[in-house]
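Written below as structure tokens is the structure these notes are about.
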Amino acid sequence: MESIRKYIAEFIGTMVLVIMGCGTAMLVGCDAVNGGGYILTALAFGLVIVGMAYCVGNISGCHINPAVSLGVLISGGMNVKDFIFYVVSQCLGAVAGTGILSLIFTLGGVTDKTGGFGSNGLAGVNGNAGAGLIVEIVLTFIFVLTILGVTSKKAGHGSFGGLIIGFTLTLVHILGIGLTGTSVNPARSFGPAVFAGGDALSSLWVFIVGPFAGAALAAVVYKLLEGKTEK
């Protein structure tokens, strides 16, 4: 029963992330000419993490991101079974969140703003998948490395952990939005891509491989760094 509660928490957390983060992107746009849209979208994603960290963090750890779950798995913080069910729950939550956005925007008569449902893309790197991969690997590495450090038993950040993680997600979005739309989260990319189709689906692999690679690298590096500090 405890495991089921964790999976439900991950479903809800990821659903809220997509609704608030991608929903904000759909409303304000992310045109480079209007930097305000960048900041609002970055803040939306970051603030969702803060809110969900204090909402479901004590239940599931508030991964709401398959890349984070992979980093935790490699670090020894969860087992393979939980990892698989976390990822499934997160992807289903992302699809549900995008479905809710589609319903809201359709019923509200603002279908002109649905666009790609906040999906990720490679337009900011001129369609170059290699550049997109590098962006996602680097940004996810920074994000997951921060999470592993903040949640380490040695960290002692206490109740401030959610804030630190949320601000870090905001930070990586500020750079990444203009390049790939910032994924660092395969589930967050999966849900909108399912509804958007087309180019969003064809480039989806970049936003799965990149974040997973960045998370794995972060986990390995953090284990090495943490090991060096042991007495």
FRET efficiency for Ile134 and Val80, using Cβ-Cβ distance with R0 set to 25 Å, rounded to 0.05: 0.30
For the stretch 213-225, Karplus couplings with θ = phi - 60° (6.51, -1.76, 1.60), whole Hz, Gly/Pro x: 5, x, 5, 4, 4, 4, 5, 5, 5, 5, 4, 5, 5
Cα lying deepest toward the dipole's positive end in the chain, options Ser159, Leu204, Gly124, charges on Cβ: Ser159
Percentage of interatomic Cα-Cα distances in the chain larger than 23 Å: 43
Segment Val221-Arg5, length gained on full extension (0.36 nm per residue, minus Cα span): 74.7 nm
Fewest-first ranking of Glu136, Glu2, using other Cβ atoms within 10 Å as the exposure measure: Glu2, Glu136
Scattering curve values for the stretch 62-111, log₁₀ I(q)/I(0), Debye with Cα scatterers, q = 0.14 Å⁻¹: -0.45
On Cα atoms only, tilt of 161-176 relative to the major axis of the chain in degrees: 50
In order through the stretch 126-138: 3J(HN,Hα) via Karplus (6.51 cos²θ - 1.76 cosθ + 1.60), integer Hz, x for Gly, Pro: 6, x, 7, 5, x, 5, x, 4, 4, 4, 5, 5, 5
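Where a number appears in this text, it was derived from the coordinates with a stated rule and is not lab data. Fair warning: this is a prediction, and the values are worked out from it, not measured in the lab. Positions of Cβ are backbone-derived with ideal geometry, glycine not excepted, and every protein chain shown enters the neighbour counts.
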